[in-house]
Amino acid sequence: MKLLELLGYFNYWVFAIILTVGLYAVIRKTNLIKKLIGLSIFQSAVFLMYITMDKVEGGTAPIIQAGVENQIFSNPLPQVLILTAIVVGVSTLALGLAIVVRINESYGTIEEREILDAD
Amino acid sequence: MDLTAHLPALQVVVPMLSAPLVVLLQPRGLAWAGATVAALASFAIALALTIAVLDGQPQVYAMGGWPAPYGIALGVDAFSALVLLVVTGAGAASLLAARPSIDQQIEQERQPLFYSAWLLGLAGLVGIVVSADAFNIFVFMEISSLASYILIAGGPDRRALPAVFKYLIMGTIGATFYLIGVGLIYMMTGTLNLADMEARIGDVVDMNPILVAAGFITIGLALKAAVFPLHVWLPNAYTQAPHMVTVFLAACATKVALYVLIRFDYLVFQAKLADHEAQFALFALPLAILGILVASAVAMFEGNLKRLLATSSVAQIGYILLGASFVSQAGLSASVMHIFNHALAKGGLFLAVACLAYHYRDLRLDQLGGAAARMPWTCAALLVCGFSLIGIPGTAGFISKWLLISAALESGPWGWGLVAVILVSSLMAVVYIWRIVEALYFRAAVEGDSLPAEAPLQLLLVTWLVALLNIVFGLFPGVPLELANSTATLLAGFAS
């Protein structure tokens, strides 16, 4: 019973693991691109959490159909929210990469240590 | 159709829609003028909203006519009105003065884009303040953050780039933490509207997710607000940003994050979570004290003028958090008052720095000898704002320090210790402001010409306007104090 209960939270376990993997990469990696990859992984974990919580067992897309009654719907709102959050994540990543390109242009490296030593 | 009813929405819409228009204004003078007009218009809207709030009419606006909690609600109460004044005031004042300094620091063909990013940053910040919807706050937070990354990366020195990269990483982690917290609350309550959230949390059976959410939201916003020890992005970012961007961001960016932090912890969680008051105080108080003492001490030994003032900002954020951590009405009104007064003092100081930087490329203190002889007006304005930062009677800074000390005395047996912390750090502020004064007034010029050469009039006039406001609000703190007090009543009313 206890094990089933733990397995029932499978998606949330995955969420927590991906979140920490991403955060670890952001903190531990010294290459700026790898840091951004970590940041993306970190943000994707949150997307998974939002998508998981809106799922209702047996639920479908919330479209009212003629003749069908007592239909169970999944909650559409978290999907809409996370669509917005994905857009935010993509723009952050794009801006981050643009900054890395400019760092590479002016420092000739994207290794954190070498950038610190250069100044 | 009454336009005044739409003011909360216009507050966001005006700067946001002006941003793409400014890009089209290619002659650079026009781009600056367009951006300034938009910023002034949004300051006027903030003033109108403040007047309505002072009349006892908090504004509520249902976006698109959808009633809350289904639609996205905007709301302006005393707290939002005060922070709106700070944000739009900082935006308008810095843009008004910006042109000579920006002409020096940003290439001409990039200026329209730069001003456009500036307006987007302003729109994001005011959006956070007027939103009454947790997810909307996240979106506006990211709009303002992305815009400020762009603005800071415009700094002329290449060191701006690693600084902004660090800010981007830490800012995104903070925003994502906030998003996780909001998600957890939504999971348990099914609502994103702050007022509705506050009402429904009481019905939640399993409080653990809410507790975790409170942790994520508080830490995430503390990252954005540069609360010690999560402040490491701030000194470099503010030092390397173009001078006028530093004026704008230092005056309002971190304060908006603190605004959301206070709003969440007082309006949503307080009284709903068991022991939240004690937990919040236990979290915020040590960080505030450490921030005040450590950052002030670091500022005493800092050699670069801009970096010194940026470091002192971390200490000032500590004061704001300290007031909030007392969880009392007096503490809150001191804290809110300090948001206003510190914006005036630090905004004025950075404006004066921008004036100095017009002639001095190197802002290390030992390079600034004899500046007072060359730029007497600039240095005098810097002195006035410096006094306000220290908290000398007659300046705005004194009012909030005084409120903070009286709140500390009321806060219980540890009150005297807290007063000692405030006094010690004020003394440290005297030391670091004195180091600036010594460099400007009493040290001989390093080399080069010592002919009088004031900053451009446009820059100087705005600097003096802010410096005089420091004195005006020091002598007549009526309006901000009234707003701060009604904020405290509002927030503490929920807490009890």
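Looking only at the stretch B:156-169, decide whether some residue is under 29 Å from A:Leu77 (Cβ atoms) and either outside any helix (DSSP H, G or I) or within 20 Å of the chain's Cα centre (by Cα) (or both).
Checking the stretch B:156-169: at least one residue is under 29 Å from A:Leu77 (Cβ atoms) and either outside any helix (DSSP H, G or I) or within 20 Å of the chain's Cα centre (by Cα) (or both).
Filter the stretch B:76-92 down to the residues that are farther than 14 Å from B:Pro480 by Cα and touching a Ser or Thr at 6+ places or on another chain (Cβ under 8 Å), then identify the one that is surrounded by the most Cβ atoms within 10 Å (Cβ to Cβ).
In this case the residue turns out to be B:Gly91.
Identify, from the list A:Asn75, A:Asn31, A:Asn104, A:Asn70, the residue that is surrounded by 13 or more Cβ atoms within 10 Å (Cβ to Cβ) and without any contact (Cβ under 8 Å) to a residue 12 or more places away in the chain.
The unique qualifying residue is A:Asn104.
Considering every residue within the stretch A:41-48, establish whether at least one is surrounded by 11 or more Cβ atoms within 10 Å (Cβ to Cβ), more than 12 Å from every other protein chain (Cβ to nearest Cβ) and either farther than 30 Å from A:Val100 by Cβ or not charged (D, E, K, R) (or both).
The answer is no; no qualifying residue exists.
Go through (1) out of contact with any Asp or Glu (no Cβ under 8 Å at 6 or more places or on another chain); (2) surrounded by fewer than 24 Cβ atoms within 10 Å (Cβ to Cβ); (3) modelled with pLDDT of 85 or more; (4) closer than 21 Å to B:Glu277 by Cα one by one and return the number of the condition B:Arg435 breaks.
(4)
Mind telling me which of the residues B:Asp275, B:Asp265 ends up being modelled with pLDDT under 90 and surrounded by 24 or more Cβ atoms within 10 Å (Cβ to Cβ)?
B:Asp265
On the basis of being crowded, with 20+ Cβ neighbours inside 10 Å, under 28 Å from B:Ala453 (Cβ atoms) and within 19 Å of the chain's Cα centre (by Cα), does B:Gly391 make the cut?
Answer is no for this residue.
Go through the residues of the stretch B:224-235 one by one and say whether even a single one is in a helix (DSSP H, G or I), within 30 Å of A:Ser106 (Cα to Cα), away from chain A (no Cβ under 14 Å) and within 21 Å of the chain's Cα centre (by Cα).
Taking every residue of the stretch B:224-235 in turn, at least one turns out to be in a helix (DSSP H, G or I), within 30 Å of A:Ser106 (Cα to Cα), away from chain A (no Cβ under 14 Å) and within 21 Å of the chain's Cα centre (by Cα).
Within the stretch B:105-116, can one find any residue that is within 10 Å of chain A (Cβ to nearest Cβ) and touching a residue at least 12 places away in the same chain (Cβ under 8 Å)?
no
Mind counting the residues in the stretch B:23-69 that are of a type in the set (A, V, I, L, M, F, W, C), more than 23 Å from B:Val86 (Cβ to Cβ), without any contact (Cβ under 8 Å) to a residue 60 or more places away in the chain and assigned to a helix (DSSP H, G or I)?
3
Tell me, please, whether a residue that is within 15 Å of B:Ala253 (Cβ to Cβ) and crowded, with 20+ Cβ neighbours inside 10 Å can be found in the stretch B:100-118.
Yes, that holds for at least one residue.
Pull up the stretch A:94-109, narrow it to residues that are more than 9 Å from chain B (Cβ to nearest Cβ) and of a type in the set (A, V, I, L, M, F, W, C), then point me to the one that is nearest to A:Lys55 (Cα to Cα).
A:Ala94
Residues checked against (1) at the interface with another protein chain (Cβ under 10 Å from one of its Cβ atoms); (2) under 24 Å from B:Phe228 (Cβ atoms):
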{"site": "B:Ala132", "(1), (2)": "no, no"}
{"site": "B:Ser144", "(1), (2)": "no, yes"}
{"site": "B:Ile150", "(1), (2)": "yes, no"}
{"site": "B:Ala153", "(1), (2)": "yes, no"}
{"site": "B:Arg158", "(1), (2)": "yes, no"}
{"site": "B:Leu168", "(1), (2)": "yes, yes"}
{"site": "B:Gly174", "(1), (2)": "no, yes"}
{"site": "B:Gly183", "(1), (2)": "yes, no"}
{"site": "B:Met187", "(1), (2)": "yes, no"}
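Identify the residue in the stretch B:1-17 that is crowded, with 23+ Cβ neighbours inside 10 Å and either of a type outside the set (A, V, I, L, M, F, W, C) or touching an Asp or Glu at 6+ places or on another chain (Cβ under 8 Å) (or both) and, among all such residues, is nearest to B:Arg110 (Cα to Cα).
B:Pro15
Condition check: over 25 Å from B:Gln240 (Cβ atoms) and β-branched (Val, Ile, Thr). Does B:Val336 satisfy that?
yes
May I ask you to verify whether A:Ile86 is at the interface with chain B (Cβ under 10 Å from one of its Cβ atoms) and on the phi < 0 side of the Ramachandran plot?
no
Would the stretch B:308-331 turn up any residue that is under 20 Å from B:Tyr178 (Cα atoms) and modelled with pLDDT of 90 or more?
Yes.
The values are calculated or read from the model by the stated rules, or taken from the named source; none is laboratory data. If you're wondering where the values come from, they're calculated on a predicted model, not measured in any experiment. All Cβ positions, even for glycine, are placed from backbone atoms using ideal geometry, and neighbour counts span all protein chains on display.
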